[in-house]
2 protein chains.
Amino acid sequence: MKRTTRWQRNCLSLLLGGLLAGQAIAGQPPLDADASDPTVMGWMQGFPPAADKQVNGNNYLLFPRTRWSFSHIRELLPTANVGRGAGAVSSLPDARRDDINDLQFQLADGSNMTWAQSLAANYTDGIVVLHRGQVVYEHYFGALQAERPHMAFSVTKSFIGTLAAMLIAEGTLDEQALVSSYVPELKDSGFGNTTVRQVMDMTTAIRYSETYSDPTAEIWEYSRAGNLIPRPADYAGATSLYGFLQKVQPEGQHGEVFAYKTVNSDVLAWIVQRVTGSSFAELLQQRIWSRLGAEQDAYIVVDQVGTQFAGGGLNASLRDMARFGEALRNNGRFNGQQIIPEAVVADIRNGGDPAKFAAAGYATLPNWSYRNMWWVSNNAHGVFAARGIHGQTIYVDPKAEMVIARFASNPVAANGANDPISLPAYSALAQFLMRQPQ
Amino acid sequence: MKRTTRWQRNCLSLLLGGLLAGQAIAGQPPLDADASDPTVMGWMQGFPPAADKQVNGNNYLLFPRTRWSFSHIRELLPTANVGRGAGAVSSLPDARRDDINDLQFQLADGSNMTWAQSLAANYTDGIVVLHRGQVVYEHYFGALQAERPHMAFSVTKSFIGTLAAMLIAEGTLDEQALVSSYVPELKDSGFGNTTVRQVMDMTTAIRYSETYSDPTAEIWEYSRAGNLIPRPADYAGATSLYGFLQKVQPEGQHGEVFAYKTVNSDVLAWIVQRVTGSSFAELLQQRIWSRLGAEQDAYIVVDQVGTQFAGGGLNASLRDMARFGEALRNNGRFNGQQIIPEAVVADIRNGGDPAKFAAAGYATLPNWSYRNMWWVSNNAHGVFAARGIHGQTIYVDPKAEMVIARFASNPVAANGANDPISLPAYSALAQFLMRQPQ
């Protein structure tokens, strides 16, 4: 399908700029949450929408259109379904309390902010908080609704990481085996002599930049290969996700440091799919989604040869994301059954090596680590999280018996822009719920 | 998104040829149902599928790939969801009987065929038969499964026609009003001085050919406008469904004869959406799908400005299609509620003017008519049907208390190729069920 007739290179620059800084016009700060509310902006209103109100495959990653598009990805891209199955919806008891809105917490600079203010500051599209399995807070903003799937971006990685860890626990997958033993097509790439474990913990050493601010970073060809962003007329790069993966070059010594590179997740998905003979969506449906008692089907973005984007293509409803978080909090048990083996959850929660993680230099995540494609705080509460650009998260605080699922459309992609507000807010809410249980 | 880099005009010719005749190689008959089974063909098997086993936006309408693609449209095109809602699934009691397979019936040439043979002869992907509301027959073939939506093609039209008739019954829509009074953008097109009623019964007089065998027929630009088929590199036609509709020219006198032209359905959808302020998918979800107690969400293909293709873009599960047919059979009542006003169903069943219909020259449909985008037999059983190319149907036989929902991927688009077998088979099954009720 040709959706890029009018696509030009200058448009691509605009797209990259928008993704990077969330600043459509040089020097101007982005619209705030209220001003960028997609209903106020009028995206895709009317039949047909006015030309300047249209969101399409060429502009959907440009803020403020993102505030609409992240809740309407399937209307923009081909997708594969992840069915909830025919089972009953699992219970999420309603124990909402409005006093959370006024909860005050302190930022690093000493200033105070309320919980409600923090949601706007981070362009929250929706948030669900569970305490001891009950919904204590649930709000939607802008284009998002309870039943509507939202793009989870790299939260997707934690699903493929969990599935892979489950296969290892069952003996179906050998974490010490070389990637090339499962996927011979990757033998001559930078992944050829990595182990499955190194891929799962992103300690592979490959030439691949995820720096959104750099237009020459490999993430952009990868996005074009996967049809996530349009290709220039003279595009000569890879035309599928797996085509790109085979071109990735080695750079350094595997296993030494953590380096966050989305391609690892799709290599892992390639391995998992090759080993099981089932697609990511099929595995997710069979082993997790249908067992959670999810309310909604989820879906995964696919490239033009049908590859499901495990690095960031999952879309799901927020309440179902919270269910998955709650399953993890309960050591894999949810909806009356053991969905994820307890040992797998323990392995996630134990985390990876903080020393290897430190090399990546995440200022907002001191002493964290990365394991099975989960971010692990190693703090006193044992917090661990799935995280995706623009503010997506599943945040599990075992000590506070709290799970937060949040979708957002922060104009800045990198979570370094969310964390200075979100992490103190989540921590304050955990303290609050521990002090004042219902 | 650019999915047509390698697309060339000769490929388009091949596509048209394939759609027309179902004959990929000149002079050769198409593969039969067994030989074209998509599992046997191996479409989209493996990670990634081999190059010659891939189905994508450039080739998905080419038989035999259609046998896979019609059950996987959302993996190829952007789509809008039609939610089933949170209600309970409505009951379809199981009363399956295998003796139907051996039911013999006679074709026009005097030869005999069994029911089971008829399914293969017409490349059936799935079929559900209800008798008095119970499932007496249900089978899936190839890529289709009970829970998987399949492309309904022009069966979609009967949904927008029913919704429009409901709005007329409520007084929200005036069937005698001019189209241009609702959609001023169409004032200077061939639809400018047609009435809503003429659009609903396809008695508009416009220059638009739906002859699939003619590569210059307007259906092809319409399909390109809607992004259903790729656009050549030098494409200068309309880039959205509604863009095309505004270009349609008048030809003759409105209201005189029935002429089957898909554009009428999208004009009707434009009117309905403009009047209600809701999209086709939203209306279908609110007024029909969520009330049917559907098992699955459905979805509708969208063009690049988000227009939902009311002429043929609905995808749904077969059992849910059967539920809709059963609601019509029961004069609009199903799942414990009046979903469609009785008067609307009566108006459909009364049909249109057979004299106007006769002018269209459908050899397989003597004395039929067309009303509210339903095909009405006017026969002794009061049969009426929704019909889509390649063999899609919802067939309602009130006298026999029978509803048939069928999806197929017949290599020939026009239903003139299905009817000589399907209509006698359906008629024979009706007689059989009347003779031998359970």
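The values are calculated or read from the model by the stated rules, or taken from the named source; none is laboratory data. Just so it is clear, the structure is predicted and the values come from calculations on it, not from any experiment. With ideal geometry, Cβ positions are generated from the backbone for all residues, glycine too; neighbour counts draw on all protein chains shown.
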Meets criteria (more than 30 Å from A:GLU175 (Cβ to Cβ), charged (D, E, K, R), assigned by TED's automatic domain parsing to the domain that holds A:ALA417 and surrounded by fewer than 24 Cβ atoms within 10 Å (Cβ to Cβ)) for A:ASP102:
yes
Unmet criterion (only one of (1) surrounded by fewer than 20 Cβ atoms within 10 Å (Cβ to Cβ); (2) free of Cβ contacts under 8 Å to residues at least 60 places away in the same chain) for A:GLY351
(1)
Only residues that are surrounded by fewer than 18 Cβ atoms within 10 Å (Cβ to Cβ) and of a type in the set (Lys, Arg): list them for segment B:203-241, please.
B:ARG207
Looking only at residues that are more than 15 Å from A:LEU77 (Cβ to Cβ) and of a type outside the set (A, V, I, L, M) in segment A:223-245, which one is nearest to the other protein chains (Cβ to nearest Cβ)?
A:TYR242
Within segment A:246-269, restricting attention to residues that are more than 27 Å from A:LEU62 (Cβ to Cβ) and within 14 Å of chain B (Cβ to nearest Cβ), which residue is farthest from the chain's Cα centre (by Cα)?
A:GLN246
Candidates A:GLN337, A:GLN285 - the one that is surrounded by fewer than 24 Cβ atoms within 10 Å (Cβ to Cβ), at pLDDT 95 or above, more than 10 Å from chain B (Cβ to nearest Cβ) and under 19 Å from the mean Cα position of the chain (by Cα):
A:GLN285
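Table: residues versus (1) more than 20 Å from B:THR79 (Cβ to Cβ); (2) at pLDDT below 95; (3) out of contact with any strand residue (DSSP E or B) (no Cβ under 6 Å at 6 or more places or on another chain); (4) among the aromatic types (Phe, Trp, Tyr).
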| position | (1), (2), (3), (4) |
| --- | --- |
| B:GLY306 | no, no, yes, no |
| B:PHE309 | no, no, no, yes |
| B:ALA316 | no, no, no, no |
| B:GLU326 | yes, no, no, no |
| B:ASN331 | yes, no, yes, no |
| B:VAL344 | yes, no, yes, no |
| B:GLY352 | yes, no, no, no |
Pull up segment A:298-319, narrow it to residues that are among the hydroxyl-bearing types (Ser, Thr, Tyr) and closer than 28 Å to B:ALA86 by Cα, then point me to the one that is nearest to the other protein chains (Cβ to nearest Cβ).
A:TYR299
If you check A:VAL383, A:VAL344, which single one turns out to be of a type outside the set (Ser, Thr, Tyr) and within 18 Å of the chain's Cα centre (by Cα)?
A:VAL383
Filter segment B:39-68 down to residues that are of a type in the set (Gly, Ala, Ser) and within 11 Å of another protein chain (Cβ to nearest Cβ) and give me whichever is surrounded by the fewest Cβ atoms within 10 Å (Cβ to Cβ).
B:ALA51
Does segment A:105-112 include one or more residues that are surrounded by 22 or more Cβ atoms within 10 Å (Cβ to Cβ) and either at pLDDT below 95 or among the aliphatic types (A, V, I, L, M) (or both)?
no
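Within segment B:354-375, restricting attention to residues that are of a type outside the set (A, V, I, L, M) and surrounded by fewer than 22 Cβ atoms within 10 Å (Cβ to Cβ), which residue is nearest to B:ASP419 (Cα to Cα)?
By that ranking, first place goes to B:THR364.
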Of all residues in segment A:172-188 being in contact (Cβ under 8 Å) with a residue 60 or more places away in the chain and in a loop (DSSP other than H, G, I, E, B), which is surrounded by the fewest Cβ atoms within 10 Å (Cβ to Cβ)?
A:THR172
It is to be established whether one or more residues within segment B:80-98 are assigned to a helix (DSSP H, G or I), charged (D, E, K, R) and within 14 Å of another protein chain (Cβ to nearest Cβ).
no
Mind checking whether some residue in segment B:401-416 is under 26 Å from B:ILE100 (Cβ atoms) and either more than 18 Å from the chain's Cα centre (by Cα) or without any contact (Cβ under 8 Å) to a residue 24 or more places away in the chain (or both)?
yes
Being farther than 25 Å from B:VAL376 by Cα, surrounded by 16 or more Cβ atoms within 10 Å (Cβ to Cβ) and of a type outside the set (Ser, Thr, Tyr) is the requirement here; does B:PHE244 meet it?
yes
Given (1) under 16 Å from B:ASN264 (Cα atoms); (2) among the hydrophobic types (A, V, I, L, M, F, W, C); (3) surrounded by fewer than 22 Cβ atoms within 10 Å (Cβ to Cβ), number of the condition B:ALA169 does not satisfy
(1)
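For segment A:155-166, indicate whether the set of residues that are in a helix (DSSP H, G or I), in contact with a Ser or Thr (Cβ under 6 Å, 6 or more places away or on another chain), touching a residue at least 24 places away in the same chain (Cβ under 8 Å) and under 23 Å from A:GLU218 (Cβ atoms) is non-empty.
The answer is yes, given that some residue of segment A:155-166 is in a helix (DSSP H, G or I), in contact with a Ser or Thr (Cβ under 6 Å, 6 or more places away or on another chain), touching a residue at least 24 places away in the same chain (Cβ under 8 Å) and under 23 Å from A:GLU218 (Cβ atoms).
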Got a number for residues in segment B:43-73 being of a type in the set (Lys, Arg) and either assigned by TED's automatic domain parsing to the domain that holds B:GLY142 or in a loop (DSSP other than H, G, I, E, B) (or both)?
1
Scan (1) under 22 Å from A:LEU144 (Cα atoms); (2) modelled with pLDDT under 80; (3) of a type in the set (Ser, Thr, Tyr) for the single condition A:THR39 breaks and write down its number.
(2)
Qualifying position, being touching a Pro at 6+ places or on another chain (Cβ under 6 Å), in the same structural domain as B:THR364 (by TED's automatic domain parsing) and assigned to a loop (DSSP other than H, G, I, E, B), among B:GLY142, B:GLY110:
B:GLY142
